[in-house]
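Data first, discussion second: the structure below is written as structure tokens.
The values are calculated or read from the model by the stated rules, or taken from the named source; none is laboratory data. Worth saying up front: this structure is predicted, and the values here are computed from it rather than measured. Don't worry about glycine lacking a Cβ; one is built from the backbone with ideal geometry, like all the others, and counts go over all protein chains shown.
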Amino acid sequence: MTNTLTFSLAMALAAVTLPAGALAQTAPAPVPAQGEDARLTAFLDAEFAAWVKTQPQLATRLGIKEGGDRWNDTSDEAARAEVEWRKTSVAIMRAAFDRARLSPQAQVNYDIWALEAERAEISLANRLYRPPFYSRLYSAHSQLPDFLINTHTVADAKDLRNYIVRLERMPALLDSAIERTRASQAAGINPPRFQLETIIEGSRKLTSGAPYGEGPDAALWADVKAKTEALVAGGKLSRKEADRLLEKARLAILDLQPAYARVIQWAEASLPTAPSGKVGALILPGGLEYYERELKLVTTTDMTAAEIHSVGRAEVARIEAEQDALARQAGFADRHAFYAERKRLYPPRQYDDAARKEYLDTANAFVAHTRTLLPEWFGELPAYGIEVVREPAFSEVAGGAAHASPPSPDGKRPAKTYVHLVGTMPDPAAMYTLMCHEAVPGHNTQGDIQVRQHGGPKFRSVTGYVAFGEGWGLYAEAVCKEMGAYPDIAADFMRLDAELFRAARLVVDTGLHAMGWTEDEAVKYMNETGRQPIERSRSEVRRYITLPGQATGYKIGMLKIMELRARAEKMLGAKFDVKGFHDLLIASGSQPLSILERRVDAWIAGRVAS
């Protein structure tokens, strides 16, 4: 999955904001020498550039130095100003451009910019339901250090000074996050008990060890020391200046301890009223309406919770039948016998250092091999580095979901896939599917291509839609089978196991948030039908509880992509070009499923006519 490290305008709207009046807007001046497409691109680029100036964390992701010592403004006032700015921008665009005079691709850019304003309004309506500490994946206590460690690159002394200033400003952000979460709690929106316990444990880990006391370096202290020493080794910083800046960083890190203590104090005080057991959207005031809005944002469709639940049930039945057929092909009676044999061959055992090294070595080798297969299936290829790495210790949990981050636009920061290597080890054959989804030809490949887009408006390189992105990741698992990437029938069986898991997500997510399922009921279904180990089932369900709807995007997106490919193959016959189809999907950036369908239909029509 793509996670918090990925950057999309849609996800950003839940947290990034700007001060009221920060952006001024004027209608684009006529430029007779330019065509309408170029004029629209110039307008959108100017709007996007103005917006990025108010989003320093996004700027850092893009390799822009300006604002590198600041964090995003997350106030409610700025969130409302964001929506008004977007609405005004769309009004200016509609007044200044005749959509009918634009090319089909420019019309897509026009439509997506307008759609982002509509989505911003939906996000604003759901803002109270998304307090900074609520989400298991996007909680402020871990997101801030995660950003500094994994996104804030330090290439020179200025970057290091900016890093330290951000450290100094973290306590204010944590205090603001507490206040925003309290406002949600006052409205009856309380983080589940398990999430509060995670926050307490994570906050203690982040403030343990040096420089707080005995033991290994705390995560941020280890990171700033490593980045500083790299500058010294590279001749970019004197030893004397390095020592001075390290001392300043140490003091800033020490100041985080009382800030995290306040986070812990708030979380502990919230435990007595924290929900447990029945914890879905239905227990929240207006929760069902909130959930339906989240489904609209995630799937980019108008599908209801009941419809998604039904699709999930049907997909589970279909995939189980395919597993039975594959198991018989391998000489087993059915899928249950195949699973039993895999369990006999690979009984549950805990990760140790040797197992972690073997996993990372095997995963990186498989990703490198799969990358060599791409030219026969894709015209547009990834250009930057792709690495599989271990999840940082402060956010690593048993059964945690792997996730991907894109490279920086200049490739200096490679694309990465993060994996949790604690707890019970999964079936080793499952690793191949995961790498196809997260790395090649999945998220890392898509992210690499997206950040290198040129010619079109720049905002498209950072705009993301869950159904499209995660749908592509799940579709990529099937493409790996077509490419011959899986080494044996066990790996292919585990591909179906992974798809079954995603189908079960449709059932569980909607069950939790629209049908009143308890956490234990959801865990039981995910364990027994979704075939996930109990600890991962629990971890996954808790993710769905605190991030309603997000998990439905995978299967809904994949089903649409498969539907469109089948349509193209049927209508084009010998004219169907799989390279062209794949490039059409991912070479022009993320897009809502409705726009994707429109583009594929136009592509089909063009090839039929040729």
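Listing for the model above:
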read-out	value
Selection count where residues are in contact (Cβ under 8 Å) with a residue 24 or more places away in the chain and part of a helix (DSSP H, G or I), scope region 577-597	12
Of all residues making up region 366-378, the number that are of a type outside the set (A, V, I, L, M, F, W, C) and under 25 Å from the mean Cα position of the chain (by Cα)	3
Subset of region 294-314 [in a helix (DSSP H, G or I) and within 12 Å of Q550 (Cα to Cα)]	E294, L295, K296, L297, V298, T299
Pick from region 507-537, criterion assigned to a loop (DSSP other than H, G, I, E, B) and among the polar types (S, T, N, Q), ranking: surrounded by the most Cβ atoms within 10 Å (Cβ to Cβ)	Q532
From R169, R180, R130, residue being out of contact with any helix residue (DSSP H, G or I) (no Cβ under 7 Å at 6 or more places or on another chain), modelled with pLDDT of 95 or more and surrounded by fewer than 19 Cβ atoms within 10 Å (Cβ to Cβ)	R169
In region 263-278, the residues that are among the hydrophobic types (A, V, I, L, M, F, W, C) and either modelled with pLDDT under 95 or in contact with a helix residue (DSSP H, G or I) (Cβ under 8 Å, 6 or more places away or on another chain) (or both)	V263, I264, W266, A267, L271, A274
Within region 362-378, considering residues that are surrounded by fewer than 18 Cβ atoms within 10 Å (Cβ to Cβ) and of a type in the set (S, T, Y), the one nearest to V422 (Cα to Cα)	T362
From the options A476, A503, residue that is touching a Cys at 6+ places or on another chain (Cβ under 8 Å), surrounded by 22 or more Cβ atoms within 10 Å (Cβ to Cβ) and more than 27 Å from A120 (Cα to Cα)	A476
So T417, is it surrounded by fewer than 23 Cβ atoms within 10 Å (Cβ to Cβ) and either in contact with a strand residue (DSSP E or B) (Cβ under 6 Å, 6 or more places away or on another chain) or modelled with pLDDT under 95 (or both)	no
Any pair with Cβ under 6 angstrom, 6 or more apart, that starts in region 375-392 at a residue that is in the same structural domain as N364 (by TED's automatic domain parsing) and ends at one that is crowded, with 18+ Cβ neighbours inside 10 Å and in a loop (DSSP other than H, G, I, E, B)	Y384/P407; I386/A439; R390/L421; E391/H420
Count of region 35-63 residues which are under 12 Å from H152 (Cβ atoms) and either of a type in the set (D, E, K, R) or not in a helix (DSSP H, G or I) (or both)	2
Single unsatisfied condition, Q143 versus (1) surrounded by 18 or more Cβ atoms within 10 Å (Cβ to Cβ); (2) not assigned by TED's automatic domain parsing to the domain that holds I200	(2)
Selection count, region 448-474, where residues are closer than 20 Å to L374 by Cβ and of a type in the set (K, R)	1
Candidates L115, L58, L124, L137 - the one that is under 22 Å from the mean Cα position of the chain (by Cα) and either assigned by TED's automatic domain parsing to the domain that holds A186 or of a type in the set (F, W, Y) (or both)	L137
Test for T445: is it of a type in the set (S, T, Y) and assigned to a loop (DSSP other than H, G, I, E, B)	no
Selection from region 65-107 of residues that are surrounded by fewer than 19 Cβ atoms within 10 Å (Cβ to Cβ), within 25 Å of the chain's Cα centre (by Cα) and free of Cβ contacts under 8 Å to residues at least 40 places away in the same chain	E66, G67
Failed criterion for A314 (all others in (1) among the hydrophobic types (A, V, I, L, M, F, W, C); (2) within 26 Å of the chain's Cα centre (by Cα); (3) closer than 30 Å to R531 by Cβ hold)	(2)
Residue match in region 352-370 (condition: of a type in the set (K, R), out of contact with any Ser or Thr (no Cβ under 7 Å at 6 or more places or on another chain) and at pLDDT 95 or above)	yes
Residue within region 346-361 that is more than 22 Å from S537 (Cα to Cα) and surrounded by 15 or more Cβ atoms within 10 Å (Cβ to Cβ) present	yes
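One line per residue, one yes/no per condition, for (1) crowded, with 18+ Cβ neighbours inside 10 Å; (2) in a helix (DSSP H, G or I); (3) assigned by TED's automatic domain parsing to the domain that holds Y544:
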| residue | (1), (2), (3) |
| --- | --- |
| E214 | no, no, no |
| D223 | yes, yes, no |
| E229 | no, yes, no |
| V232 | no, yes, no |
| G235 | no, no, no |
| A249 | yes, yes, no |
| Y260 | yes, yes, no |
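Yes or no, residue by residue, for (1) of a type in the set (S, T, Y); (2) modelled with pLDDT of 95 or more; (3) touching a Leu at 6+ places or on another chain (Cβ under 9 Å):
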{"site": "R452", "(1), (2), (3)": "no, no, no"}
{"site": "R460", "(1), (2), (3)": "no, no, yes"}
{"site": "G464", "(1), (2), (3)": "no, no, yes"}
{"site": "G471", "(1), (2), (3)": "no, yes, yes"}
{"site": "Y475", "(1), (2), (3)": "yes, yes, yes"}
{"site": "V479", "(1), (2), (3)": "no, yes, no"}
{"site": "R505", "(1), (2), (3)": "no, yes, no"}
{"site": "Q532", "(1), (2), (3)": "no, no, no"}
